[in-house]
Amino acid sequence: MEVSAYPKPGNVHRTANFDNTRYEHFLASSIAIGSSLRNASNRGIELSSGRIRFDEVGVGLIIRDGASSMIKWQNGGNTILGSILLLVPMSVAGGYAWSQPSPSIESLRHVLSKVIRETTVQDAIQVYEAIRLSGAGGLGTVEKLDVAADTYRGEIEKAGASLSEVFRLSSGYDSIASEWANDFKITFDIGYPYFVSQLQETNDYNIATVHTFLRILSMIPDTLISRKVGDEQAKEISGSAGEVLSLGGLATDLGREKLALLDSRLRNDGHQLNPGTTADLTASSLALAILDGHLP
């Protein structure tokens, strides 16, 4: 649903492709990770019945398997690794919450927090393997526990760093990591409620999705853009996204005109200004809305 929404500025969608990554690649990736998300939710069901402990879920292995399937079943490279990193723990928590008598988004978030806290060193190693396997670009370099370093496994083991601790270390410059470190604050507190309000206001799934993308981008400068071209340009793009929304977005002629201009700008310079992290956060927001019954 996220990749089908259009016209999301600077992103692949149903009427816009990149040179080497097309809409079809995203569709294939989404289908390919279905078994991994099903596995994640089944682990949540096992958790709820007491058959496994939280530290036995194996979030890292499920993420690695999802990344492997993503790469195996299409030729467009890394399409949705960020979404996998968000949706796997959410699926575990969803399996747990929806196997209870009174499931709710609130109970899902409570379980999600515990799933994250109880991740292990092995989970961290497996997520590093997933990132390397996917060939994720635009990560930058860091001094400690760098995923690009061939010594990452030994460094993680020596530091005794769980997956949640690794994400906490990188939360200052990556919004996916920040979600892990802050109980998925963007997804639950910004994206999901805004999408629901927009769906109720417009009765249009596409408009609600595009506006949610713009809302997240306007409030949270895209960290993929920041790592590629710097924080100042990322903040300026966020301001432009906010301006599009203030003019009505897809609901008005002027909003659509400003959105087209922003889209054109973000597609220049070899897609250096692609708000890819915002797309992942939109996907996780949609996942919550669908669980809550807001079906397309």
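The values are calculated or read from the model by the stated rules, or taken from the named source; none is laboratory data. Quick caveat: nothing in here was measured; it's all calculated off a predicted structure. Note: ideal-geometry Cβ built from the backbone for every residue, glycine included; neighbour counts use all protein chains shown.
Quick one: which residue in 244, 229, 210 is over 27 Å from residue 109 (Cβ atoms) and surrounded by 19 or more Cβ atoms within 10 Å (Cβ to Cβ)? It would help to see each step written out before you state the result.
Numbers: 229 fails: surrounded by 19 or more Cβ atoms within 10 Å (Cβ to Cβ); 210 fails: over 27 Å from residue 109 (Cβ atoms).
Step by step, each of 244, 229, 210 is checked, and only 244 is over 27 Å from residue 109 (Cβ atoms) and surrounded by 19 or more Cβ atoms within 10 Å (Cβ to Cβ).
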message: I'd like to know if region 134-151 contains one or more residues that are surrounded by fewer than 19 Cβ atoms within 10 Å (Cβ to Cβ) and modelled with pLDDT of 95 or more.
response: no
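Table: residues versus (1) modelled with pLDDT of 95 or more; (2) not acidic (Asp, Glu).
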residue: 229; (1), (2): no, yes
residue: 232; (1), (2): yes, no
residue: 237; (1), (2): yes, yes
residue: 257; (1), (2): yes, no
residue: 261; (1), (2): yes, yes
residue: 284; (1), (2): yes, yes
- request: Filter region 78-92 down to residues that are more than 14 Å from residue 119 (Cβ to Cβ) and of a type in the set (Val, Ile, Thr), then give me how many there are.
  value: 3
- request: Might you let me know whether region 260-273 holds any residue that is under 16 Å from residue 210 (Cα atoms), of a type in the set (S, T, N, Q) and not in a helix (DSSP H, G or I)?
  value: no
message: Could you go through region 20-35 and let me know if any residue there is polar (S, T, N, Q), in a helix (DSSP H, G or I) and surrounded by fewer than 20 Cβ atoms within 10 Å (Cβ to Cβ).
response: yes
query: Just wondering, is there one or more residues in region 123-131 that are hydroxyl-bearing (Ser, Thr, Tyr) and more than 20 Å from residue 61 (Cα to Cα)?
result: no
- prompt: Do we find that residue 106 is surrounded by fewer than 19 Cβ atoms within 10 Å (Cβ to Cβ), out of contact with any His (no Cβ under 9 Å at 6 or more places or on another chain) and under 20 Å from residue 283 (Cα atoms) in this structure?
  reply: yes
task: Look at region 78-111 and say how many of its residues are within 16 Å of residue 188 (Cβ to Cβ), among the hydroxyl-bearing types (Ser, Thr, Tyr) and part of a loop (DSSP other than H, G, I, E, B).
output: 1
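Each row is one residue, and each column tells you yes or no for (1) crowded, with 20+ Cβ neighbours inside 10 Å; (2) without any contact (Cβ under 8 Å) to a residue 40 or more places away in the chain.
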position	(1), (2)
56	no, yes
62	yes, yes
87	yes, no
92	yes, no
101	no, yes
query: Does residue 52 meet the test of being in the same structural domain as residue 134 (by TED's automatic domain parsing), part of a loop (DSSP other than H, G, I, E, B) and of a type in the set (Val, Ile, Thr)?
result: yes
- prompt: Which is out of contact with any Cys (no Cβ under 7 Å at 6 or more places or on another chain), outside the structural domain of residue 78 (by TED's automatic domain parsing) and touching a residue at least 40 places away in the same chain (Cβ under 8 Å), of 224, 245?
  reply: 224
field: Subset of region 1-55 (residues that are touching a helix residue (DSSP H, G or I) at 6+ places or on another chain (Cβ under 7 Å) and acidic (Asp, Glu))
entry: 2
- request: Quick one: count up the residues across region 157-184 that are closer than 30 Å to residue 288 by Cβ and either in contact with a helix residue (DSSP H, G or I) (Cβ under 7 Å, 6 or more places away or on another chain) or aromatic (Phe, Trp, Tyr) (or both).
  value: 19
task: Pick out the one residue from 42, 11, 75 that is of a type in the set (S, T, N, Q), surrounded by fewer than 16 Cβ atoms within 10 Å (Cβ to Cβ) and part of a loop (DSSP other than H, G, I, E, B).
output: 75
